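Notes to accompany the following structure.
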Amino acid sequence: MISKEVLDLKDYVVETRRYLHKNPEVSLKEYKTSAFIKGELDKLDIEYVNVGETGILATIKGKHEGPTVFLRADMDALPLQDKIEKDYRSINEGVSHGCGHDAHVAGLLATAKIIAKRKDEIKGTVKLCFQAAEEIGRGAKEFVKAGHLKDVDYAFGIHVASSLPVGKVAVVPGAINASCDIFKIHVKGESAHGSRPDLGKDALLAAASIAVELQNIVSRRVSPLDSVVLTLGKLNAGTAYNIIANDGYIEGTLRTLDQNIREKILKKIELISKNIAEVHDCEAEFENYNAASILKNDEKLTEEVQKIAKKILGTENVITAGKPSLGAEDFSEFTNLVKGTFINVGTSSCDATSYPHHHENFDLDEEGILYGVELFKNILEKYSLKENKIDLEKFGTNKKSKNKNKSLAGIW
């Protein structure tokens, strides 16, 4: 059930989400989105600081002792044409909120309104993270690098899900999203006339050979019982039909749910690339970007969130077990450091709101956002508002564990 406190914000949520949907901005370019959020926070007299160029961290400190709770919403859109036939269709050509981050921002701003009215009830500190660049695995790292997680006890994130109907949520413990590595391979050869390939070093043939051989890693070097995806999405080489290519470029991604397998395969990709290039008298340079770690929901904290969700939605509408996704989510950068739970909230109610994420027709039922706000509100009521009697030692929080703080010192 959605409370009156949240239902009263429905018009605001819808208006805000549609404004953001109409004005999307890609990763690290969320300047107008950031300015809009700051304007809303200013109206609520909530203090904030910039994180990177476009990220924002808003902080509300209570008058009494309590935990520090961190709520996150990502804000970036995709380089994808918006083809929904609605008056809030994107006005930015080739850019759209095809993953629902507009809904995340609208929901967290609505939560900020609730907090602003109940500041006197806050125990501890509430941090609101408006994160840039989730789609490229950059934004969360900026918050970590700036030290904004050092004093956090619990981190919570919500993602809308077109695969779930409105009124259902998934709150699953353990690993729920895969790691994401984005790698590039540059093959260096030497050009020659197409009639005399023996005088050159064919980077195209070397790159093609690398691309084929890499496909054997998962099928022959990984147990079929392990979840691993190695995808090559880009292969470029050469400049003309009659010139031996002197450069070849491969780009791909590795996804897995096992850190040991992840490290093993990355080494194997680099080794295969360099060895095959050498066979072709070429050279290969391997470059990898760690876009996201494996996202793992804390077992005990997730159990508490499940109880909260069941109270709101009913036991039958809370999914507590399921297969993890090989899609990545950089909320994992937060759960690497603190106790955290990431929740998927249903936003599908008809064919128009059931398109998969990253689809040009992606849209959502905004009632689903209200359930997300209700979850955030109830989470805050357990950990930050009202009669906060939570046992901080129950989940081994940062405040009670000096050893944990010490272990983090080397990470920052």
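Hey, what's the range 187-292 come to in accessible area per residue, 1.4 Å probe, Å²?
So the range 187-292 comes to 58 Å² accessible per residue, rounded to a whole number.
Between the range 181-246 and the range 335-378, what is the separation of their alpha carbon centroids in Å?
39 Å
Using a Förster radius of 35 Å, what is the FRET efficiency between L225 and V279 based on their Cβ-Cβ separation? Nearest 0.05, please.
Working from the Cβ atoms, E equals 0.60.
Would you mind calculating the relative contact order of the range 187-292 from Cα pairs under 8 angstrom and at least 6 residues apart, reporting the percent as a whole number?
36 percent
Would you mind checking which residues have amide H under 5 Å from V160's amide H? H placed 1.01 Å from N; only 5 or more apart, or other chain.
V345
Mark the label point 7 Å from the Cα of K150 along Cα→Cβ and return the residues of the range 65-102 whose backbone N is within less than 16 Å of it.
68
I need the phi-derived Karplus couplings for the range 240-255: 6.51 cos²θ - 1.76 cosθ + 1.60, θ = phi - 60°, integer Hz, Gly and Pro marked x.
Computed from phi, the couplings for the range 240-255 are 7, 5, 10, 10, 5, 5, 9, 9, x, 10, 10, 10, x, 9, 10, 10 Hz.
Relative to the first principal axis of the alpha-carbon coordinates of the chain, what is the inclination of helix 259-279, with its axis defined by its Cα atoms, in degrees from 0 to 90 and to the nearest 10?
20 degrees
Once amide H atoms are built 1.01 Å from N in the peptide plane, which residues 5 or more positions from K123, or in another chain, come under 5 Å H to H?
Result for K123 returns L385.
In the range 239-274, whose amide N lies under 19 Å from the spot 7 Å out along Cα-to-Cβ of K188? List them in ranges.
Answer for this model: 239, 244-251, 270-274.
Is the shape of the range 96-140 best called rounded, prolate or oblate, per the rule: a/c under 1.5 gives rounded, else a/b larger than b/c gives prolate, else oblate, with a ≥ b ≥ c the square roots of the Cα gyration tensor eigenvalues?
oblate
Around Q306, with a cut-off of 11 angstrom between Cβ atoms, what is the net charge of the other residues, counting Lys and Arg +1 and Asp and Glu -1?
Neighbour charge sum, excluding Q306 itself: +1.
For the chain, modelled as a GNM with alpha-carbon contacts under 10 angstrom, which of V13, V212, V69 fluctuates the most?
V212
Give me the percent of accessible area attributable to carbon and sulfur for the chain, probe 1.4 angstrom.
Carbon-and-sulfur percentage of accessible area, whole number: 49.
Can you flag which of K141/K300; K117/K307; K127/K377; K145/K377 are past 23 Å Cα-Cα?
K141/K300; K117/K307; K145/K377
Apply the Karplus curve 6.51 cos²θ - 1.76 cosθ + 1.60, θ = phi - 60°, to the phi angles in the range 210-222 and return the couplings in whole Hz, x for Gly and Pro.
The phi angles translate into 4, 4, 5, 5, 4, 5, 7, 4, 5, 6, 10, 10, 10 Hz.
Mind scanning K150/K184; K119/K296; K113/K382; K339/K382; K29/K184 and naming the pairs with a C-alpha gap bigger than 27 Å?
Those over the limit are K150/K184; K119/K296.
The range 28-62: which GluC sites (Glu not before Pro) are DSSP loop and have at most 13 other beta-carbon atoms within 10 angstrom?
E53
Under the Karplus relation 6.51 cos²θ - 1.76 cosθ + 1.60, θ = phi - 60°, what is the ordered set of whole-Hz ³J(HN,Hα) values for the range 25-34, x standing for Gly and Pro?
9, 6, 3, 6, 10, 7, 5, 5, 4, 4
Under a 5 Å amide H to amide H cut-off, with H placed in plane at 1.01 Å, what residues pair with G98 once short-range neighbours are removed?
L78
Among G107, G368, G39, determine the one that fluctuates most according to a GNM of the chain built with springs between C-alpha atoms less than 10 Å apart.
Looking only at G107, G368, G39, the biggest GNM fluctuation is shown by G39.
Just need the relative contact order of the chain here, percent rounded to a whole number, with Cα pairs under 8 Å and 6+ apart.
Value for the chain: 23 percent.
The values are calculated or read from the model by the stated rules, or taken from the named source; none is laboratory data. All of these numbers come straight from a predicted model, not from anything done at the bench. A quick note on method: Cβ atoms are made from the backbone with ideal geometry, for glycine too, and the neighbour counts reach across all protein chains shown. For the accessible areas, the whole protein counts, side chains as well, though only heavy atoms, and no ligand, DNA or RNA atoms are used. Shrake-Rupley method; radii C 1.70, N 1.55, O 1.52, S 1.80 Å.
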